[in-house]
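These notes are about the structure you will find just below.
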Amino acid sequence: MIILADDLGYGDLGCYGARNVETPHVDRLSMQGVRLTQAYATSSVSTPSRYSLLTGEYAWRRKDTDIAVGDAGMIIRPGQYTLADVFANEGYATGAFGKWHLGLGEKGGEQDWNAPLPTGLADIGFRESYIMAATGDRVPCVFIENGRVAQYDPSAPIEVSYRQPFEGEPLAKDHPELLFNLPSTPGVGHNQAIVNGIGRIGYMKGGGKALWKDENIADSITVHALDFMERNKDKPFFVYLATNDIHVPRFPHERFRGRSGMGLRGDAIVEFDWTVGAVMEQLDRLGLTENTILIVTSDNGPVLEDGYQDQARELLNGHSPSGTLRGNKYGVYEAGSRVPAIVRWPGRIAAGTQSEALVSQVDLFASLARLLGAALPRGAAPDSRDGLDAWLGQDPVGRPYVVEQANNRTLSVRTPRWKYVEPSDGPEEYRWAPGSELGYKPFPQLFDLSTDPREQRNVAEGQPGTVRELEALLAAERAAGAPGRDETR
Ligand code: NG6
Ligand code: CA
């Protein structure tokens, strides 16, 4: 089971040093397994990060893997071999629950949301799915269950567009008075459709009873996953549980309100922790704890303001979402893609261990395939390497290096000692995320993490040899994706 949080920062959990928010379930999990301190998502934003995790391929090898709109077509193509295929072909029941954000249907912008989608998760290995098409802040604001809208309401046909508004549908930018649940930050986005008193990205009409209520999203996702586990308790299963927490719009259920002392963002962390606890309890109840590998991690680093007025920054009270690291979601620095990662496997992993091994989510594919003894078709998971021992806390070293991708596709490479960020053009910050640092610079950046773990001193000029070496390493990785490569695998 993989529980993938959304935008949960390196410092956002109790066991990673969080302040002002308690995460007792995740903390208990870490006491029963291994807590990895140098684990990476491949990207500092969602779509490419998830793409790599599920396909074992760096997202930057393809042009169409950047943050997806809600009506994107399938980004992972039905012919691609996914992590879910690995499990399905070994006889596992496979299920995906929660945030998807990798496109649905044959072609972007042309889906008919009132009929079964012609292609979906069933074509890439997930026998069951209950998902949000994209993100909480993007239309369509409905769950999709096994390729069709869940709780479909025939009296309210659904239309979605990322191009033009629908006649007669009020827009968030013109009607702030209708944003009764959570106001958008004026002028920077989330100003199109209004659903459940919250402005969204994209235009939408209809939905009726199928429209989600943000305060119930965590419950809906979690109960579907728990139900899947129960129904499949007698066979092997693979669950990909991708929470909506703690992405914007942060709007946790009432029972979590005020539980963190940090407002909505902190309360969403408490809600995330609840989901993890519910899964752990279900495993216990079904007698499956001993024999289940449970991985808890995040798709990218944290962000405070992200387009809604939820006071995430004002209410921090000394909490640091990125922990001791520099940076955030979207950007090039460590906190953009270094994420919490906890793995529990009683019997195989010594309880309460910690590991500094360098690991990347792109390797989960080859690692889990090795564990299953699964043969992979030629060309599958081209960038995934077997790092099983490191993921299980039994190899203290892990990868020789990790490649990280920022939102504008700038690549960085992290070795045990160095962090090299290639030069690139880009803004200092995004208007909708003020105070977040992107780190795009027209010159190379090199940090010696052994003495400067917070990436404060750029030593590129004094270390031309190291810069050349790491540049060459990135060039070689890029070249590895050149046409014809698959022939050699
Ligand atoms: C940005 C959104 C942001 C978030 C992000 C994707 C605006 C102003 N901002 O474009 O709110 O949705 O995309 O986040 O639209 S991610 O975690 O799914 O990558
Ligand atoms: Ca994310």
Where does the longest stretch of the chain lie that holds no chymotrypsin sites (Phe, Trp or Tyr not before Pro) found in a DSSP loop with 14 or fewer other Cβ atoms within 10 Å?
181-489
Per residue of region 446-458, in order, report the coupling 6.51 cos²θ - 1.76 cosθ + 1.60 (Karplus, θ = phi - 60°) as ³J(HN,Hα) in whole Hz, putting x for Gly and Pro.
9, 10, 8, 5, 5, 10, 9, x, 8, 6, 8, 10, 6
If DNA, RNA and ligands are ignored and the probe is 1.4 Å, what is the ranking of Arg265, Arg19, Arg62, Arg163 by accessible area, most exposed first?
Arg163, Arg19, Arg62, Arg265
Tell me the per residue accessible area of the chain using a 1.4 Å probe; a whole number in Å² is fine.
38
Given a Förster distance of 25 angstrom, what is the FRET efficiency for Asp64 paired with Gln151, based on the Cβ-Cβ distance and rounded to 0.05?
0.25
Please report, in debye to the nearest 20, how large the charge dipole of the chain is about its Cα centre when each Lys and Arg carries +1 at its beta carbon and each Asp and Glu carries -1 there.
640
When we measure straight from the Cα of Lys329, which lysines land under 29 angstrom away, once same-chain ones fewer than 8 places off are left out?
Lys63, Lys99, Lys107, Lys173, Lys213, Lys419, Lys441
Between region 277-332 and region 150-228, what's the alpha-carbon centroid distance in Å?
24
Place a point 7 Å from the Cα of Ser450 along the Cα-to-Cβ direction; which residues of region 459-474 have their backbone N under 18 Å from it?
459-470
At 1.4 Å probe size, with the rest of the protein present, what percent of the exposed accessible area of region 402-480 is carbon and sulfur atoms?
53
Fully extended, how many nm does the chain gain between Asp284 and Gln394 (0.36 nm per residue separation, minus their Cα-Cα distance)?
37.1 nm
Over the chain: helical MRE at 222 nm, DSSP H runs n ≥ 4 each giving -39500 (n - 2.57), nearest 500:
-6000 deg cm²/dmol
Approximate spin-label separation Arg257-Ala472, in nm, with each point projected 7 Å along Cα-to-Cβ
6.0
Between the residues Leu358, Ala312, Gly136, the Cα farthest towards the positive end of the dipole of the chain, that dipole coming from +1 and -1 charges on the beta-carbon of Lys, Arg, Asp and Glu, is from Leu358
Taking H placed 1.01 Å from N in the peptide plane, check which residues at least 5 places from Tyr40 or on another chain put their amide H under 5 Å from its amide H.
Val339, Val359, Ser360, Gln361
Indicate the helices, whole DSSP H runs only, in the chain that combine a mean Kyte-Doolittle hydropathy of -1.0 or more with a Cα extent along their long axis of 15 angstrom or more.
217-231, 263-285, 464-480
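The values are calculated or read from the model by the stated rules, or taken from the named source; none is laboratory data. If you're wondering where the values come from, they're calculated on a predicted model, not measured in any experiment. Glycine gets a Cβ as well: all are built from the backbone with ideal geometry, and neighbour counts include every protein chain shown. Protein only, heavy atoms only, side chains kept; ligands, DNA and RNA dropped before computing areas. Shrake-Rupley method; radii C 1.70, N 1.55, O 1.52, S 1.80 Å.
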